[in-house]
Structure formats: C-alpha cells, structure tokens
Amino acid sequence: MLRNEDIKVYGRKISSIRNEIKKIIVGQDKTIDGLLIGLLCNGHVLVEGVPGIAKTLIVRALAEATGCKFNRIQFTVDLLPTDITGITAYTKEKGFYVIKGPIFANFILADEINRAPPKVQSALLEAMGERQVTIGKETFQLPNPFFVMATQNPIESAGTYPLPEAQIDRFILKLLMYYPTLSEETEILKQNIALRRFEEFGISPVVLPEEIIEMQEAVKQIYVDKSVENYIVRIVDATRNPKKYDITLGKYIEWGSSPRGSINLYITSKAKAMLEGKNFVTPQHVKEVAHDVLRHRIILNYEGMAENIKVDDIITEILSKVPIS
C-alpha cells in the first residue's frame with residue numbers, strides 16, 4: 001500500500017499536468033481526468049465527440065506537459081497498415097533499411113479511427129496490445145510510456161468502418177466529449193488556437209516520461225479492500241445476469257461485459273483514487289469510472305437499438321441497484 005506522503009507527491013505532479021493543459025483547454029474537465037486515468041493505467045482511450053471540440057489539442061497539450069513525443073495519425077479510407085507502422089526501403093548505397101512510421105511516439109492521436117479499413121485498425125490495435133511493431137523481418141519495441149487516444153465522429157456514418165466490439169473492448173475507457181457551456185464558449189472566443197499559435201500558450205513539461213512510468217507502477221500499489229473487489233465483480237455480473245439484480249433495462253442487453261471489464265474497473269478505480277489523493281479505493285471511485293469503463297462493453301439487442309436505449313442509462317440503473325456490501 002502506498003504511503004500518504006507518496007500520494008501527495010504524485011497528486012502535486014498530476015495537478016501540475018492539469019494546470020498546464022488548462023492553459024489551452026477551456027472546460028472538458030471530465031475528459032482531461034479520463035485521459036489522465038487512461039495514462040496512469042498504462043491503457044488506451046477511445047473518445048467520441050463531434051468535430052471542433054479540442055480532441056487533438058487535449059492530447060497534444062498532455063504530451064507537451066509530460067515531456068513526451070506526440071504524433072497525430074489521420075485515418076482515411078486509403079490508409080495502409082505500413083503508413084502507420086513503417087516500411088523497409090532499399091537503396092544501392094545503404095541496402096535495406098527501416099523507415100519507422102508515426103506509431104513510434106509516446107502519445108498517438110488516432111483521429112477518426114473508424115474511417116480506415118479493418119486491416120489498418122487492426123495494425124494499430126496490435127501495436128497497442130503488444131507494444132511492439134514488426135517491420136519486414138525486424139521487431140521494434142514502441143516507446144515507453146505509450147498512450148493512444150483514438151477518436152470517433154458520432155455524426156457521420158458514410159465511408160466509415162465501425163470498430164468491431166472485440167476491438168473496442170481493448171480500450172480501457174470510452175469517453176464522451178460534449179459541447180462547452182455558454183460561459184466556456186465565451187472564454188473560447190478569446191482564447192483559441194485560431195488566434196494564437198500552440199507555442200504561444202506556454203505549455204511546459206512539468207514531469208518527465210520516467211515519472212509517468214513511476215506513477216503507473218504506483219497505481220498498482222493502491223489498496224483495494226475485498227468488499228470493493230466483490231462490488232466490482234457484482235457490477236460486471238449485473239451486465240450479464242440483469243434479472244438477478246432486478247435491472248429493468250436489462251431486457252435490452254444482448255451481451256454483458258467481458259472479464260476485461262472487471263479488470264479495467266479494478267485498475268481505473270485505483271487511478272481515480274490517486275487523482276483524488278487517496279491511497280485506497282472506495283465504492284464511490286468505482287461508481288465514478290463505471291460509465292467510462294462499461295459503456296463500450298455492453299452490447300444492446302435489436303429491441304434496445306430499435307427503441308434507442310442508451311447504455312449509460314443501463315449502467316446508471318445497475319449502479320443504483322447492485323449492493324455495495
């Protein structure tokens with residue numbers, strides 16, 4: 001179990017990262033926290049939101065504040081796997097040599113991942129899972145830390161290849177980004193990337209990549225009581241056996257969460273505790289990450305889709321009816 005003094009040190013570092021991001025990002029506190037949780041868990045995050053709400057800026061600012069290298073990959077229908085991973089080239093003078101692709105960075109923004117064919121999506125997801133890439137006959141380790149934020153546009157469906165459920169399940173969190181409030185948008189008018197260059201916002205590295213790795217290891221040491229572990233397992237069980245917990249909206253569930261949902265609830269609740277300066281997990285921490293962990297792991301049946309049932313409403317009912325102890 002982590003000492004309180006260690007948690008305070010990590011808390012100050014996390015606050016420093018937040019403050020740097022806030023120099024350029026107005027609002028979007030939940031998204032920023034979600035990305036920090038994903039990073040602390042050494043996982044990857046899928047973000048759904050309309051264009052123009054600062055998805056790219058958030059990841060770029062996060063990379064800058066942590067002293068990490070950032071690359072953006074725009075997914076298109078004509079993208080090839082080698083456009084992401086890299087290629088083996090040949091010249092008479094040098095012979096065969098490797099040109100590494102944009103995947104070789106600490107922070108990757110996979111913009112509109114559902115616009116690329118499944119083969120390209122798989123190339124990225126394989127790199128995410130194995131933290132390595134094979135180019136020709138050579139295998140290369142990806143940098144550490146390695147964090148991917150993939151985005152989906154919920155508006156357009158023409159020319160897209162929706163991610164299969166098995167691939168979406170690999171993302172530790174699915175975040176929803178919303179429009180800013182009126183007061184936030186007023187502030188955006190005065191402070192936006194169209195009026196000033198990114199460099200003019202003065203975002204500075206406040207931690208080193210090595211410190212991110214250290215915090216990722218520290219998250220694993222945060223204490224989870226047996227009762228909280230049982231609570232996590234019951235929440236996931238309720239997605240598979242809703243009748244057992246009297247979940248009214250359960251009739252719209254075709255498939256519940258996989259065991260990966262339990263694992264990710266367990267680790268993300270630890271990261272949430274660290275964000276709040278605690279060295280132990282409470283049931284409230286589990287509740288606060290449950291929607292982001294489970295919303296892409298519960299599959300609706302045809303009736304649920306026809307009636308436009310929201311998975312978030314099902315999760316809310318589960319959290320209200322599954323007993324804590």
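List the pairs whose first member sits in the range 40-51 and is on the phi > 0 side of the Ramachandran plot and not assigned by TED's automatic domain parsing to the domain that holds Leu275, whose second member is part of a helix (DSSP H, G or I) and modelled with pLDDT of 90 or more, and whose Cβ atoms are under 8 Å apart, counting only residues at least 6 apart or on separate chains?
Asn42/Gln216
For Tyr97, state whether it is over 19 Å from Gln141 (Cβ atoms), free of Cβ contacts under 8 Å to residues at least 12 places away in the same chain, in contact with a strand residue (DSSP E or B) (Cβ under 7 Å, 6 or more places away or on another chain) and surrounded by fewer than 20 Cβ atoms within 10 Å (Cβ to Cβ).
Considered against the rule, which asks whether it is over 19 Å from Gln141 (Cβ atoms), free of Cβ contacts under 8 Å to residues at least 12 places away in the same chain, in contact with a strand residue (DSSP E or B) (Cβ under 7 Å, 6 or more places away or on another chain) and surrounded by fewer than 20 Cβ atoms within 10 Å (Cβ to Cβ), Tyr97 comes out as no.
Could you tell me whether the range 74-83 includes any residue that is out of contact with any strand residue (DSSP E or B) (no Cβ under 8 Å at 6 or more places or on another chain), hydrophobic (A, V, I, L, M, F, W, C) and either exposed (fewer than 13 other Cβ atoms within 10 Å of the Cβ) or not assigned by TED's automatic domain parsing to the domain that holds Gly38 (or both)?
Yes, the range 74-83 has at least one match.
Yes/no per residue for (1) at pLDDT 80 or above; (2) over 30 Å from Thr66 (Cα atoms):
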| site | (1), (2) |
| --- | --- |
| Asn106 | yes, no |
| Asp111 | yes, no |
| Thr134 | yes, no |
| Gln141 | yes, no |
| Ala158 | no, yes |
| Tyr161 | no, yes |
| Gln167 | no, no |
| Leu175 | yes, no |
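Select from the range 292-308 the residues that are closer than 18 Å to Ile168 by Cβ and over 21 Å from the mean Cα position of the chain (by Cα) and list them in ascending order.
Listed by number, the residues that qualify are Leu300, Asn301, Gly304, Met305.
Which is within 21 Å of Met177 (Cα to Cα), part of a helix (DSSP H, G or I) and touching an Asp or Glu at 6+ places or on another chain (Cβ under 6 Å), of His285, His291?
His291
Of all residues in the range 1-36 being touching a strand residue (DSSP E or B) at 6+ places or on another chain (Cβ under 7 Å) and closer than 19 Å to Glu64 by Cα, which is surrounded by the most Cβ atoms within 10 Å (Cβ to Cβ)?
Only one residue tops the list, namely Gly34.
Residues being without any contact (Cβ under 8 Å) to a residue 60 or more places away in the chain and over 17 Å from Leu176 (Cα atoms): count how many of those fall in the range 309-325.
Residues that pass the stated criteria total 1.
All but one of (1) farther than 30 Å from Lys190 by Cα; (2) among the acidic types (Asp, Glu); (3) crowded, with 18+ Cβ neighbours inside 10 Å hold for Glu64; which doesn't?
Of the numbered conditions (1) farther than 30 Å from Lys190 by Cα; (2) among the acidic types (Asp, Glu); (3) crowded, with 18+ Cβ neighbours inside 10 Å, the odd one out for Glu64 is (1).
Would you point out which residue out of Ala273, Ala194 is of a type in the set (A, V, I, L, M, F, W, C), at pLDDT below 95 and either within 26 Å of Asp312 (Cβ to Cβ) or in contact with a His (Cβ under 7 Å, 6 or more places away or on another chain) (or both)?
Checking each option against the conditions leaves just Ala273.
Which number in (1) more than 17 Å from the chain's Cα centre (by Cα); (2) of a type in the set (Gly, Ala, Ser); (3) farther than 16 Å from Ile37 by Cβ marks the one condition that Ser262 misses?
(1)
Restricting to the range 255-282, name every residue that is assigned to a helix (DSSP H, G or I), among the hydroxyl-bearing types (Ser, Thr, Tyr) and within 21 Å of Ile7 (Cβ to Cβ).
Matches in the range 255-282: Tyr266, Thr268, Ser269.
The values are calculated or read from the model by the stated rules, or taken from the named source; none is laboratory data. Quick caveat: nothing in here was measured; it's all calculated off a predicted structure. Glycine also receives a Cβ, built like all others from the backbone with ideal geometry; neighbour counts cover every protein chain displayed.
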